[in-house]
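Some notes on the structure that comes next.
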Amino acid sequence: MNVQKVMVIGAGQMGQGIAQVMAQAGRDTYLNDISEEIAAKGMRAIQKILEKDVVKGKITEDRKEEILGRLKPSAKLSDAADCDLVVEAIVENIETKGRVFRTLDEVCRTGCILATNTSSLPITEIAAFTKRPEKVIGMHFMNPVPVMKLVEIIRGLATSDETYELVRSESLNLGKVPVEVRDVPGFISNRVLQVMINEAIYCLYEGVASVEDIDQVMKLGMNHPMGPLQLADFIGLDTVLAIMETLYEGYGDCKYRPCPLLRQYVKAGWYGKKSGRGFYNYR
């Protein structure tokens with residue numbers, strides 16, 4: 001099966017990026033969210049990125065219009081009825097994802113592959129919300145999607161070889177580098193990354209050093225392009241907490257216990273860049 005038509009569910013930063021690379025690869029792509037306004041906002045964000053690429057000389061005006069012509073906003077999951085691939089990129093909550101996958105199972109044609117961009121939740125559990133677990137797979141893109149090459153591909157217990165091979169092939173078609181990962185909490189990327197971020201938050205919580213100095217050590221000493229606390233702000237502290245809780249529950253190991261300061265920031269509504277305040281002030 002060749003992928004021709006795609007739906008990306010979730011018009012936030014990740015969904016926008018996934019939809020953009022799908023359209024760039026020649027796929028007719030729906031960008032779906034719970035309202036037409038949110039989907040349209042996501043479309044405008046993609047347009048702004050492409051306009052900047054035109055100014056920088058990365059693409060031509062005609063190429064920009066060609067990509068935008070393949071994108072269409074959507075506020076109905078039923079628009080996925082004739083899609084070959086659906087990629088879900090919504091909030092990291094198993095019940096919310098479950099409701100979406102139940103609906104997709106009802107409205108999508110039999111051969112459609114249902115992928116999730118979850119960064120930590122079990123693919124097997126998400127697949128259990130459907131009657132087609134062999135067609136459900138994890139397709140974890142990195143942020144920002146148009147720039148980052150990696151895609152973690154995670155097979156659930158029932159994911160078929162056919163589904164895996166098609167998603168791997170499609171990842172290559174998108175210009176990405178696919179890496180197969182077992183269905184374990186956090187996969188590889190977040191099992192390693194989030195523990196580092198959580199430990200950096202503990203350093204701040206214990207008064208070891210300031211926010212700026214903790215980030216400076218990792219940038220200058222470890223050659224990281226961005227410090228862990230700034231990176232946490234860009235990911236979203238609510239997302240970081242959700243991933244840490246998944247790791248803690250999944251492994252039952254105290255090394256995954258979320259720092260109390262992280263919980264406090266999330267309860268205060270300090271989610272990072274998207275809320276204007278996290279470990280840094282963006283207002």
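Every read-out reported here was derived from the displayed coordinates using simple, explicitly stated rules and does not represent laboratory data. Predicted model, so just to flag it, every value in this text is computed and none were measured. Every residue, glycine as well, gets a Cβ built from its backbone with ideal geometry; the counts of neighbours run over all protein chains shown.
Classify region 5-181 as rounded, prolate or oblate from the Cα gyration tensor: take a ≥ b ≥ c as the square roots of its eigenvalues, call it rounded if a/c is under 1.5, otherwise prolate when a/b beats b/c and oblate if not.
Note, shape of region 5-181 comes out prolate.
Just how large is the dipole of the chain about the Cα centre, in debye to the nearest 20, putting +1 at every Lys and Arg Cβ and -1 at every Asp and Glu Cβ? The partial results should precede the final answer.
Details: 35 positive and 37 negative charges, 94 e Å.
Charge dipole of the chain: 440 debye, to the nearest 20.
Structure shown: which of K76/K176; K219/K267; K5/K64 lie over 21 Å apart, alpha-carbon to alpha-carbon? Don't skip to the end; give the middle numbers.
Values: K76/K176 28 Å; K219/K267 28 Å; K5/K64 19 Å.
From the list (K76/K176; K219/K267; K5/K64), the Cα-Cα distance tops 21 Å for K76/K176; K219/K267.
Which of the aspartates and glutamates could a cross-linker bridge to K56, judged by Cα under 20 Å and excluding same-chain residues fewer than eight apart?
Counting by Cα, and skipping residues close in sequence, K56 has these aspartates and glutamates nearby: E65, E66.
Going toward the positive end of the dipole of the chain, with +1 on Lys and Arg Cβ and -1 on Asp and Glu Cβ, which of V208, V177, S119 do you reach last?
V208
Could you give the size of the charge dipole of region 189-273 about its Cα centre, using +1 on the Cβ of each K and R and -1 on the Cβ of each D and E, expressed in debye and rounded to the nearest 20?
On the way: 7 positive and 10 negative charges, 25 e Å.
Its charge dipole is roughly 120 debye.
Taking Cα centroids, how far is region 169-208 from region 230-275 in Å?
For region 169-208 versus region 230-275, the Cα centre distance is 13 Å.
How long, wide and thick is region 111-251, going by the Cα atoms along their three principal axes, in whole angstroms, largest first?
Projected onto the principal axes, the Cα atoms of region 111-251 cover 53, 33, 19 Å.
Using the charge dipole of the chain (Lys, Arg: +1 at Cβ; Asp, Glu: -1 at Cβ; taken about the Cα centre), state which of F279, H224, A128 has its Cα farthest towards the positive end.
Looking along the dipole axis, the top candidate is F279.
Take the chain, connect every pair of alpha-carbon atoms lying under 10 Å apart with a spring to form a Gaussian network, then pick out the residue of R182, R63, R155 with the largest mean-square fluctuation.
Looking only at R182, R63, R155, the biggest GNM fluctuation is shown by R63.
Once you measure Cβ to Cβ distances between cysteines in the chain, which Cys have no partner under 4.7 Å?
C83, C203, C254, C259
Please compute the length gained on full extension between E36 and E199, using 0.36 nm multiplied by the number of residues separating them and subtracting their Cα-Cα distance.
Details: separation 163, 0.36 × 163 = 58.68 nm, distance 3.99 nm.
Stretched out fully, the E36 to E199 stretch lengthens by 54.7 nm.
On average over all directions, what projected area in square nanometres does region 177-283 have, based on the convex hull of its Cα atoms? Could you put the intermediate results ahead of the total?
Values: hull surface 30.0 nm².
So the mean shadow area of the Cα hull is 7.5 nm².
Counting other C-beta atoms within 10 Å, which of H140, H224 has the fewest, and how do the rest follow? If you can, show how the numbers build up before the last one.
Values: H140 24, H224 15.
Listing H140, H224 from fewest to most nearby Cβ atoms yields H224, H140.
In a GNM of the chain with a 10 Å cut-off on Cα contacts, which of G42, G207, G236 has the highest mean-square fluctuation?
Comparing G42, G207, G236 in a Gaussian network model of the chain, the most mobile one is G207.
If you rank C203, C83, C254, C112 by fewest surrounding Cβ atoms within 10 Å, what's the result?
Final ranking by Cβ density, sparse to dense: C254, C203, C112, C83.
Charges only on Cβ, +1 for Lys and Arg, -1 for Asp and Glu: so what's the dipole of region 123-187 about the Cα centre, in debye to the nearest 20? Intermediate values should be presented prior to the final figure.
Numbers: 8 positive and 9 negative charges, 28 e Å.
Computed about the Cα centre, the dipole is about 140 debye.
Where does each of D82, D28, D215, D253 land when they are ranked from fewest to most other beta-carbon atoms within 10 angstrom? Kindly include the intermediate steps, with their values, before the conclusion.
On the way: D82 13, D28 18, D215 22, D253 9.
So the ranking, lowest neighbour count to highest, is D253, D82, D28, D215.
Any idea which of V86, V167, G15 is furthest toward the positive side of the dipole for region 5-181, if Lys and Arg beta-carbons carry +1 and Asp and Glu beta-carbons -1?
Positive-end residue among those listed: G15.
If I build a Gaussian network model for the chain, linking alpha-carbon pairs within less than 10 angstrom, which residue out of P260, P185, P228 has the largest mean-square fluctuation?
Maximum among the listed residues: P260.
Where does the chain land at 222 nm, in deg cm²/dmol rounded to the nearest 500, when only DSSP H runs of n ≥ 4 count, each adding -39500 (n - 2.57), divided by all residues?
Working: 11 runs with 127 residues, N = 283.
My calculation for the chain gives -14000 deg cm²/dmol from helical runs alone.
How high is the FRET efficiency from E134 to E212, r the C-beta distance, R0 51 Å, rounded to 0.05? Write down the numbers at each step before the final one.
Numbers: r = 49 Å, r/R0 = 0.97.
Once the sixth-power term is evaluated, E becomes 0.55.
If you count the DSSP beta bridges with both ends in the chain, what percent of them are antiparallel, to the nearest 5? The partial results should precede the final answer.
Numbers: 7 of 32 bridges.
Percentage antiparallel, nearest 5: 20.
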